[in-house]
1. Connecting C-alpha atoms closer than 10 Å in a GNM of the chain, tell me which of Ala34, Ala240, Ala82 has the biggest fluctuation.
2. On C-alpha positions alone, give me the angle between the axis of helix 9-18 and the longest principal axis of the chain, in degrees, nearest 10.
3. Taking the Cα centroid of the stretch 214-246 and of the stretch 127-181, what is the distance between the two, rounded to the nearest whole Å?
4. Going out from 0 in 5 Å bins, what whole percent of all Cα-Cα distances in the stretch 72-112 drops into each bin?
5. Could you work out the helix-only [θ] at 222 nm for the chain, with each DSSP H run of four or more residues adding -39,500 (n - 2.57) and the total divided by the number of residues, to the nearest 500 deg cm²/dmol?
6. Taking DSSP loops as anything outside H, G, I, E and B, show the longest stretch in the chain free of GluC sites (Glu not before Pro) there with at most 15 other beta carbons within 10 Å.
7. What is the count of Lys pairs in the chain whose alpha carbons sit under 13 Å apart, if the two are 8 or more places apart or on different chains?
8. If you take the square roots of the eigenvalues of the alpha-carbon gyration tensor of the stretch 5-78 and sort them as a ≥ b ≥ c, do you get rounded (a/c under 1.5), prolate (a/b over b/c) or oblate?
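The values are calculated or read from the model by the stated rules, or taken from the named source; none is laboratory data. Computed from a prediction, not measured in an experiment: that's the story for all the values here. Ideal geometry is used to build each Cβ from the backbone, glycine not excepted, and the neighbour counts take in all protein chains shown. Each accessible area value is taken on the protein alone, full model and side chains, heavy atoms only, with ligands, DNA and RNA left out. Shrake-Rupley method; radii C 1.70, N 1.55, O 1.52, S 1.80 Å.
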Amino acid sequence: ENTLTISTTEEFLTFAENCRLDSFSKDLTVCLDADIDLTGVDFEGIPIFYGTFDGKRHRIKGLSITDDGSVKGLFRYVEESATVKNLIIEGKINPDGSRSMIGGLAGSNKGTIKNCAFSGNVTGADSIGGLVGINDLSGLIENCQVYGTIHGDHFVGGIAGENFGVMRNCSNLTKINTTVEENSVDISDITLDSMTSSESAVTATDIGGIAGSNKGVLRSCENHGNIGYPHIGYNIGGIAGSQAGYIADCPNYSKVLGRKEAGGIVGQMEPCTTLDYD
């Protein structure tokens, strides 16, 4: 078995650089033996990961990702064979440029994420999540928590911006799109079409306490963070902004504010998915 133990910031940065090569992390187990402090470090994220990353309840703190682009987080891509577990992350993910698929732990998740927590700020445009930007069809997220603030324009969730896989036993304690500065509209963005359209492109859409858009499974998840701003946004829900998947045993305990299609559990229900259990 190929095992890598990381105890210092330098060892962590070397590991991240080596992950530029796809084959490096295949069948690799990484164990954190100490907290890692990335304060003041120019860090762009772990490019791609296929192995097992066990944080052993240690912290990666001082994370700051502000460079241009999309698919941003501590990990950029967590692949189907990968597992990330027992990890606490503190910091901010606030890139420039296209800013799509942004998450505190991963931009894109196709693997397993469990017993992890993120505390801080996540900001972007589309597919923005406190933990992951997009949880793909094979993705499993369980027993995770998110604290802090989140802001995005479309498909924004406390745990995942968009969920196509399974998320269970997760809790959101972030505030999502709750300040007037986050919801301001530039005068140059206002056109006749945007004023007359039933769903303006310049307003927030598909915002949820757990998932901005859910086409997978949400089970036993809880939202404890306020969502939205008065008279702003479409498809705003305490658990999911728009819902075409499966939701069970998911309570919401906080305020939900929006302009249209706002609900305590789901903003807009779209019964266009059939689940086949064969």
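1. Of Ala34, Ala240, Ala82, the Gaussian network model singles out Ala34 as fluctuating most.
2. 80
3. That distance is 10 Å.
4. Histogram of Cα-Cα distances, whole percents per bin: 6, 23, 30, 23, 12, 5, 0.
5. Rounded to the nearest 500, the figure is -1500 deg cm²/dmol.
6. 81-198
7. Working: Lys56/Lys85; Lys56/Lys114; Lys61/Lys92; Lys72/Lys92; Lys85/Lys114; Lys175/Lys255.
Going through the chain pair by pair, I get 6.
8. On the way: a/c = 1.76, a/b = 1.05, b/c = 1.68.
Oblate shape, in that a/c is at least 1.5 and b/c is the bigger or equal ratio.
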